[in-house]
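Report on the structure given below.
The values are calculated or read from the model by the stated rules, or taken from the named source; none is laboratory data. Quantities reported herein were computed from a predicted structural model and do not represent experimental measurements. In this analysis, Cβ positions are derived from the backbone assuming ideal geometry, glycine residues included, and neighbour counts consider all displayed protein chains.
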Amino acid sequence: MQNLNRIFINLFSVQFDFLLQKRKVYLIKYRFEFKMKTKLKILCLLLIAIQLFTYTQCQSDDGLLKLILLQDYQNARCLDGTSPGFYFREGQGEGRNNFMIHLQGGAWCQGSNEEEIIDSCLQRSKTSLGSSSFWPQNMTNSANLDQSITKNPAFYNWNVIFVNYCDGFAYQGNSQRELNSTTTLYFRGKENMIALFNYLQKNMNITNANRIVLSGSSAGGIGATNWSQYLRSLMPQKVLVQLISDSGFFVDDGWFNPKMWQLQMDIAYNKQRKEIIPLNCQYLKDDTQLYKCIQPVYNYYQLEIPSLFLLSSYDTYVLAIQKQVKCLKTKNGFYSFYNCNDQQWKLIEELRTKTIQTLQQVFVDKKNISVWTVSCINHMFELDYPFYNSGLFTSPYPNGVTASESIVQFLREPFSQKQYIDMSAYPENEKCSYLVTSKSSQL
């Protein structure tokens, strides 16, 4: 019996030891799995934290726009042959599915004959207006590019695309000119725009956007106007396409040079005028009226999309460069007519009168076009804070709206025509003229 008990006890001890060892194994395994799971959780949380930090950094990166070059489009070129491109910032929140495409301004290749125009383009090709080799990787925001809802309520959370201007002919052209064995100029404004739209369709799904605003300043305003209906044709009907032209609607009070514009387009397209955008212009065979094909003041009747024209009745580019009014002086970035004589005042007031008359006619002719003009001296409003939303430049005087506020209204009610025309003569609009008109601030 004792032997049986001893055998039983031994068997129990062996089994207990076995169970104990097995438990230890399970316990060790559990502890190992627990530790691994804990470590994995910590690692996952760490990765999420890193992602959130990176995302936050991207969102708080001062609103910088990143450069994208259109390198895969061989026909798209700046004047010097480098790839054209644009700066981009992704939209957020409710603005993720809206796009604001802004075309940069910068005048154009000019001259009284073909040789001078070509030389002008050659000089531009050595600058940021003719070569992407001068463009930085990042672009800071300002005015209509800003991410602040207070500074830029219209587009603060939209997808923003700032298109660099480097073709020399206001986004027109599909040719090239070999100057010598080492230098070729590329006039590819048209190809650049086609490449841009193709890229946006392929890589940014722009055809599924809710709304697209094609905007531009000065030469960019001309380009935006001329390309707006083409963009409309690319988009499904569900996409709302709108146009904003900032200081790109130049009224004709005698300063247009038909010969220069004819030479420009024949150089840009190697005399293949049928390629000029917008297509099907009625003046293609008339050298003296060819300029009307690309000037919005003559082709605005083709616009069928909601459009807004922003401009000054005293446009400094027209006055100083085209009409050669030399009395304009500047102080702190603002202009003054203080030193102008009677003859110069006559030219100045002729421009204001013609601008207002033309815009009033546009307002009557096209119910889809809204207008905003201010009787203060300036050229371009969308890219600089004082002119965009400071409250100094408002129309009509005295209780008008800023350029920014007119855009907000235009976006809010795209099919409701608005007319903000400042009828006052300089310097009656004291908000934007008092800074430099007093004798104590003589320039």
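Listed by first and then second residue, the pairs with beta-carbon distance under 9 Å, at least 6 apart or on different chains, first residue in the stretch 69-93 and over 18 Å from LEU200 (Cβ atoms), second acidic (Asp, Glu), are ARG77/ASP167; ARG77/GLU191; CYS78/ASP167; LEU79/ASP167. When ASP246 is tested against (1) at pLDDT 95 or above; (2) surrounded by fewer than 19 Cβ atoms within 10 Å (Cβ to Cβ); (3) acidic (Asp, Glu), only condition (2) is not met. Under the condition of being touching a residue at least 24 places away in the same chain (Cβ under 8 Å) and surrounded by fewer than 17 Cβ atoms within 10 Å (Cβ to Cβ), the residues counted in the stretch 330-344 number 5. Among the conditions (1) touching a Pro at 6+ places or on another chain (Cβ under 7 Å); (2) closer than 30 Å to MET423 by Cα, GLN229 misses just one, which is (2). The condition (being over 17 Å from ALA154 (Cβ atoms), touching a Gly at 6+ places or on another chain (Cβ under 9 Å) and buried (at least 21 other Cβ atoms within 10 Å of the Cβ)) is satisfied by just one residue among VAL362, VAL374: VAL374. Quick check on ALA209: is it crowded, with 24+ Cβ neighbours inside 10 Å, of a type in the set (A, V, I, L, M, F, W, C) and in contact with a strand residue (DSSP E or B) (Cβ under 9 Å, 6 or more places away or on another chain)? Here the answer is no, as ALA209 does not meet what is asked.
Helices (runs of 4 or more DSSP H) wholly in the stretch 207-313 with at least 2 residues that are touching a residue at least 24 places away in the same chain (Cβ under 8 Å), in the same structural domain as GLU382 (by TED's automatic domain parsing) and farther than 21 Å from GLY168 by Cα - which ones?
Values: elements: 219-234, 258-268, 296-299.
Helices (runs of 4 or more DSSP H) meeting the threshold: 219-234.
Report yes if GLN302 is within 27 Å of the chain's Cα centre (by Cα) and either among the β-branched types (Val, Ile, Thr) or closer than 24 Å to PHE363 by Cβ (or both), otherwise no. Yes: the conditions hold for GLN302.
Take the residues in the stretch 106-119 that are farther than 12 Å from PHE169 by Cα and in contact with an Asp or Glu (Cβ under 9 Å, 6 or more places away or on another chain), then tell me which one is surrounded by the most Cβ atoms within 10 Å (Cβ to Cβ).
Narrowing the stretch 106-119 to residues farther than 12 Å from PHE169 by Cα: 111-116, 119.
Next, only the ones that are in contact with an Asp or Glu (Cβ under 9 Å, 6 or more places away or on another chain) stay: 111, 114.
Numbers: GLY111: 17, GLU114: 13.
Across the stretch 106-119, the extreme among qualifying residues is GLY111.
Tell me, please, whether a residue that is among the polar types (S, T, N, Q), surrounded by fewer than 17 Cβ atoms within 10 Å (Cβ to Cβ) and over 27 Å from SER312 (Cβ atoms) can be found in the stretch 254-268. No, the stretch 254-268 has no match at all. Scanning the stretch 314-324 for residues that are without any contact (Cβ under 8 Å) to a residue 60 or more places away in the chain and either in contact with a Lys or Arg (Cβ under 8 Å, 6 or more places away or on another chain) or over 21 Å from GLY106 (Cβ atoms) (or both) yields a count of 1.
Where strands (runs of 3 or more DSSP E) fall entirely within the stretch 332-443, those with at least 3 residues that are of a type outside the set (Val, Ile, Thr) are at 334-336, 369-378. Of the residues screened, ILE356 is one that is buried (at least 18 other Cβ atoms within 10 Å of the Cβ), β-branched (Val, Ile, Thr) and closer than 18 Å to ALA403 by Cα.
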